[in-house]
1. Before we move on, is Ala56 in contact (Cβ under 8 Å) with a residue 12 or more places away in the chain, under 13 Å from the mean Cα position of the chain (by Cα) and crowded, with 16+ Cβ neighbours inside 10 Å?
2. Filtering the range 11-35 down to residues that are over 19 Å from Arg75 (Cβ atoms) and more than 13 Å from the chain's Cα centre (by Cα), which residue is surrounded by the most Cβ atoms within 10 Å (Cβ to Cβ)?
3. Using beta carbons and a limit of 8 Å, which pairs, at least six apart or on different chains, have the first residue in the range 24-39 and on the phi > 0 side of the Ramachandran plot and the second one crowded, with 16+ Cβ neighbours inside 10 Å and modelled with pLDDT of 95 or more?
Amino acid sequence: MGDWFLDGLNRLGLAYWVEITTTEPDCTYFFGPFATQRLAQAHWPGFVDDLMHEEAEGISVAIRRVRPRQLTISRD
(Lines give C-alpha, C1' and ligand atoms only; values in the text may rest on other atoms or scores of the structure.)
Protein backbone atom coordinates (compact mmCIF):
# COMPACT_ATOMS: atom_id res chain seq x y z
CA MET A 1 0.00 0.00 0.00
CA GLY A 2 1.21 3.44 -0.83
CA ASP A 3 1.98 6.22 1.60
CA TRP A 4 -0.97 8.15 0.16
CA PHE A 5 -3.32 5.38 1.29
CA LEU A 6 -1.94 5.31 4.83
CA ASP A 7 -1.99 9.11 4.98
CA GLY A 8 -5.64 9.05 3.94
CA LEU A 9 -6.53 6.46 6.58
CA ASN A 10 -4.75 8.51 9.20
CA ARG A 11 -6.49 11.75 8.19
CA LEU A 12 -9.85 9.98 8.47
CA GLY A 13 -8.97 8.52 11.88
CA LEU A 14 -9.06 4.97 10.49
CA ALA A 15 -5.37 4.11 10.86
CA TYR A 16 -4.23 2.00 13.79
CA TRP A 17 -1.72 3.26 16.32
CA VAL A 18 0.14 1.48 19.09
CA GLU A 19 -0.42 3.41 22.32
CA ILE A 20 2.06 2.56 25.05
CA THR A 21 1.79 4.04 28.52
CA THR A 22 4.47 3.82 31.17
CA THR A 23 4.40 4.70 34.85
CA GLU A 24 8.12 5.51 34.98
CA PRO A 25 8.54 7.81 33.22
CA ASP A 26 4.91 8.85 33.37
CA CYS A 27 4.34 9.02 29.61
CA THR A 28 2.15 7.94 26.74
CA TYR A 29 3.83 7.09 23.43
CA PHE A 30 2.15 6.65 20.05
CA PHE A 31 3.72 4.56 17.29
CA GLY A 32 2.26 4.36 13.83
CA PRO A 33 0.27 4.79 11.77
CA PHE A 34 -0.53 1.27 10.55
CA ALA A 35 -3.05 0.30 7.89
CA THR A 36 -4.28 -2.75 9.80
CA GLN A 37 -4.60 -3.92 13.37
CA ARG A 38 -2.55 -6.99 12.48
CA LEU A 39 0.41 -4.83 11.38
CA ALA A 40 0.23 -2.81 14.59
CA GLN A 41 0.15 -6.04 16.63
CA ALA A 42 3.18 -7.34 14.77
CA HIS A 43 5.23 -4.21 15.57
CA TRP A 44 4.37 -3.40 19.20
CA PRO A 45 6.79 -5.91 20.78
CA GLY A 46 9.72 -4.05 19.25
CA PHE A 47 8.51 -0.74 20.66
CA VAL A 48 8.10 -2.29 24.12
CA ASP A 49 11.56 -3.84 23.87
CA ASP A 50 13.06 -0.40 23.12
CA LEU A 51 11.31 1.11 26.14
CA MET A 52 12.47 -1.75 28.37
CA HIS A 53 16.06 -1.09 27.28
CA GLU A 54 15.51 2.51 28.39
CA GLU A 55 14.40 1.09 31.78
CA ALA A 56 10.78 2.19 31.49
CA GLU A 57 8.45 0.64 34.07
CA GLY A 58 4.73 -0.12 34.27
CA ILE A 59 4.33 -0.65 30.54
CA SER A 60 0.88 -1.22 29.06
CA VAL A 61 -0.07 -1.50 25.39
CA ALA A 62 -3.26 -0.74 23.47
CA ILE A 63 -3.91 -0.73 19.76
CA ARG A 64 -6.40 1.92 18.82
CA ARG A 65 -7.74 3.94 15.94
CA VAL A 66 -6.75 7.45 16.98
CA ARG A 67 -5.23 10.59 15.53
CA PRO A 68 -2.65 11.59 18.13
CA ARG A 69 -1.77 15.27 18.26
CA GLN A 70 1.55 14.44 19.91
CA LEU A 71 3.62 11.27 19.62
CA THR A 72 4.93 11.54 23.19
CA ILE A 73 2.94 12.93 26.09
CA SER A 74 4.93 13.37 29.29
CA ARG A 75 3.17 13.88 32.61
CA ASP A 76 6.34 14.28 34.69
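1. In short, no.
2. Here the residue is Leu14.
3. Listed by first residue and then by second, the contacts come to Gly32/Ala15; Gly32/Tyr16; Gly32/Trp17; Gly32/Val18; Gly32/Ala40.
The values are calculated or read from the model by the stated rules, or taken from the named source; none is laboratory data. Just so we're clear, the structure is a prediction, and the values are computed from it rather than from any experiment. Positions of Cβ are generated from backbone atoms using ideal geometry, with glycine treated the same way; all protein chains shown enter the neighbour counts.
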